[in-house]
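Here's the structure, in C-alpha cells; my notes come after.
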Amino acid sequence: MSKNSEGSLGYQMMKTLQGIFQPGTSRYKAKRYHRDAELITGISTMRCMSADVHQFARFIHFNWPQVKYLPEIHTEMALAYIRSLEQQERSNGRIGRVYASIRKLDVACRKAGIFAADALLLLPYKDQGGPGSFHSEPRPVAYTDEQAQTMIAHITLSDPAAARLLTLMRVTSLRAHDATIA
C-alpha cells in the first residue's frame with residue numbers, strides 16, 4: 001500500500017482535518033462572537049497542517065508499524081514525535097506549528113467521533129502535564145472594520161492596487177498569501 005493511499009494513516013489524518021477546514025471563514029468574527037474558533041480557515045494553514053500530520057503519520061509508521069488507524073494513536077506517540085523534533089534541533093517556530101497541527105488533528109478527531117470527548121488529549125497543554133508552548137510573543141489583535149476601512153481609504157490615493165487587495169482581504173477574510181493567489 002502506498003503512503004498516499006486511502007487506507008494510510010496520513011490519508012486518514014488529512015481527511016479528518018478536512019472536516020474542520022472552512023476556507024474564507026472569518027477567524028476574527030468566530031473568536032469575537034464565540035463561534036467555532038477551532039476551524040482551519042486559511043488555505044496555506046491547511047497545507048502546512050496536512051504536511052505536518054503526514055510527517056507525524058510517517059513517524060508513527062516507523063516507530064509503531066502495527067498502528068494503522070486513527071483511534072489507535074495516543075498521547076505518548078505525539079509526545080515522542082515532539083521529543084524527536086527537539087532532538088533534531090528543529091526551530092521553535094516549526095515545533096510550535098507542529099503543536100498546533102497535532103492539536104487541530106485532536107479537535108477534528110473529536111468532532112468526527114474518532115476520539116471520545118472525554119479521552120486524553122493527543123498533545124496535552126503544560127498545565128495538564130504536556131510540553132510547554134513555543135509562543136514567544138503575544139498574539140496580534142485584529143483591526144476593527146472601521147479601522148480597516150480608514151486605512152484602505154488612506155492607501156487608495158497612493159496605491160489603488162494595494163487598496164483593492166486589502167479590500168479583498170477585509171471582505172473575504174483571506175490572508176495576504178491567499179489573497180495574492182486568488
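Every read-out reported here was derived from the displayed coordinates using simple, explicitly stated rules and does not represent laboratory data. Worth saying up front: this structure is predicted, and the values here are computed from it rather than measured. Neighbour counts run over all protein chains shown; Cβ positions are idealised from the backbone, glycine included.
Results, tabulated for the structure shown:
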| item | result |
| --- | --- |
| Residue-span extension gain [T144 to Q55] - 0.36 nm each, minus C-alpha spacing | 28.3 nm |
| Proximal lysine pairs, the stretch 9-128, alpha carbons under 18 Å, eight or more residues apart or interchain | 5 |
| Charge context of Q149, other residues only, Cβ under 15 angstrom, K/R +1, D/E -1 | 0 |
| Ranking of Y69, Y11, Y81 by count of other Cβ atoms within 10 Å, fewest first | Y69, Y11, Y81 |
